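A short reminder: the numbers here are calculations on the coordinates, not readings from a lab. Given the structure is predicted, the values throughout are model-derived calculations rather than measurements. Glycine gets a Cβ as well: all are built from the backbone with ideal geometry, and neighbour counts include every protein chain shown.
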Amino acid sequence: MQGPPPPPREEPRGIPWSLVGIALLAVYALLIVLLNRDEVAINFVFFSTRISKLVLILLCLGLGFAAGYLLDRWRDRGRSAS
């Protein structure tokens, strides 16, 4: 007769690198917000305004993402037509 199976051995836990990475990204994002709070003058084609640097950075990121998305779709449409 055999006795009950031995309890499973617990593996030693290492450093949770994904959690460390998320924490570093959160600190980095907080620093971006805190260091880019001051306002700058921006001239659009038809008007001028003063906005925070962070809003300007997000606006540029959004415009760049939209342009890349539209150019990718335009390129794909050209490939499918040939």
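Miscellaneous remarks
- Taking the criterion of being outside any helix (DSSP H, G or I) and not hydrophobic (A, V, I, L, M, F, W, C), the residues of segment 26-78 that qualify are ASN36, ARG37, ASP38, GLU39, ASN43, SER48, THR49, ARG50, SER52.
- Selected residue (criterion: farthest from CYS60 (Cα to Cα)) from residues of segment 1-26 that are surrounded by 10 or more Cβ atoms within 10 Å (Cβ to Cβ) and among the aliphatic types (A, V, I, L, M): VAL20
- If you check ARG73, ARG77 for being over 19 Å from the mean Cα position of the chain (by Cα) and loosely packed, with under 10 Cβ neighbours inside 10 Å, only one passes: ARG77.
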